[in-house]
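See below for the structure under consideration.
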Amino acid sequence: MARIIGIVSGKGGVGKTTLVANLGVALTNFEKRVTIVDCNVTTSHLGFYFDLYYYPKTLNQVLKDEISLEEATYYHPSGVRIVPAALTIEELIGIDINKLKSLDFGNADIVLLDSAPGLGREAMSVLNACKEVIFVTTPFMNAVSDVIKCNRVAKYLGLEALGIVLNMWRKDFHELDEKDVEDLTGLPVIAKIPFDLNVQKSLAHRMPTVLFAPYSPASIEINKLAARLIGEAYSPPKRRFLFKLLRFLRK
C-alpha cells in the first residue's frame, strides 16, 4: 500500500509546490514508484515544473467521475508520475474535492499530495486523504505560526506529522533558527533547504532543480530529505569535472 504524504503549508509562497516536484523526482532516484498530485485545483502550478503547459486530462475530471486516475496520470522521463489539476476556471464546476481520499494510486510506493495553502476546503481534503504530513515554512514568524495552526488540525485528524521543512533558508541573523522553529511548533525540522538561485533558474528551464542542477545546495538537501523519508543513507555526490564545466557554461 502506498504511503500518502500531504505536503502542507499554512501560508502561500513558501515553496511547497517546488518541494513536491523536486522531492518526487529525488525519491525516484532511490528506485521508488512516486506519484505527485496537484491538489491545489483553484490555482494549479505543479505541471509547470515538468514543462506541462497543456494536458487534456486532469485531476478535475477524475473528481467529477469522468475519467480514471490512470488516464489523468502523466509519465515524466525522470520516472515520477504526475497528476495535474486543470488550469481553467470552467473545470472547477462540478468537482468534489472530497473524493480525493477515495482515489486508488495503484502500485505507487509513495504519493505526494501538493496541498493548497491554509486550512480551506482544498487543504482539508488533503489532510483527510493522507496518513502522514510534512509542513513547509520559511524561517519567519508569520509562516511558522501558520504551521502551528495546521499541526493542531493534523493532530485532531490523527495524522502522523513527519516534521518541518525549513525552506529558502539564508542563515541571516533576522531569521528564526532551527531551534526556534522546533521550540515554537513542537515539531522536528527534518530538512533545511537553503536559498538557491538554481531553483528560479530551473523553473525558467521548466524542470525540477534536482535535474537541472543536481549538485546545487538545494538539490543536495532535497536528496537528503528523500533518503531520510525512506530510511536510507545518502552521501552527496562529488562534483565531476563535466558538471563543473556545465555550470560554468550556464553562467
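Net charge within 10 Å of ILE190 by Cβ-Cβ distance, Lys/Arg positive one each and Asp/Glu negative one each, not counting ILE190 itself?
In short, +3.
Out of all DSSP beta bridges in segment 71-183, what portion is antiparallel? Express it as a percent rounded to 5.
Beta bridges within segment 71-183, antiparallel portion: roughly 25 percent.
For the chain, set up a GNM with springs between Cα atoms under 10 Å and report which of HIS76, HIS174, HIS45 has the largest fluctuation.
Answer for the Gaussian network model of the chain: HIS174.
Among all the lysines, which ones have a C-alpha under 18 Å from LYS64's C-alpha, if same-chain residues fewer than 8 places away are not counted?
By straight Cα distance, LYS64 reaches LYS99, LYS101.
Quick check: from the Cα gyration tensor, does the chain come out rounded (a/c under 1.5), prolate or oblate?
Oblate.
Over the chain, with a Gaussian network built from C-alpha contacts below 10 Å, which listed residue (LEU59, LEU69, LEU127) shows the highest mean-square fluctuation?
LEU69
Just the number please: accessible area per residue for the chain, 1.4 Å probe, all protein chains included, in Å².
Value for the chain: 49 Å² per residue.
Mean-square fluctuation check for the chain, GNM, Cα pairs under 10 Å: which of TYR49, TYR156, TYR75 is largest?
TYR156
Mind grabbing the base-10 log of I(q)/I(0) for segment 91-203 at q = 0.19 Å⁻¹? Debye formula, identical points on the C-alpha positions, no solvent, two decimal places.
Result of the Debye calculation: -1.06.
Tally up the carbon and sulfur contribution to the accessible surface of segment 88-188 as a whole percent, 1.4 Å probe, everything protein left in place.
With neighbouring chains kept in place, the figure for segment 88-188 is 53 percent.
Calculate for the chain the 222 nm mean residue ellipticity that helices alone would give, adding -39,500 (n - 2.57) per DSSP H run of length 4 or more and normalising by residue count, nearest 500 deg cm²/dmol.
The helix-only estimate for the chain comes to -10000 deg cm²/dmol at 222 nm.
Restricting the count to DSSP beta bridges whose residues both fall in the chain, what percent are antiparallel, rounded to a multiple of 5?
5 percent
The values are calculated or read from the model by the stated rules, or taken from the named source; none is laboratory data. In this text the structure is predicted, and so the values were computed from the model without any measurement. Quick reminder, even Gly has a Cβ in these numbers, built from the backbone with ideal geometry, and neighbours come from all protein chains shown. Keep in mind that these areas ignore ligands, DNA and RNA; they rest on the heavy atoms of the full protein, side chains included. Shrake-Rupley method; radii C 1.70, N 1.55, O 1.52, S 1.80 Å.
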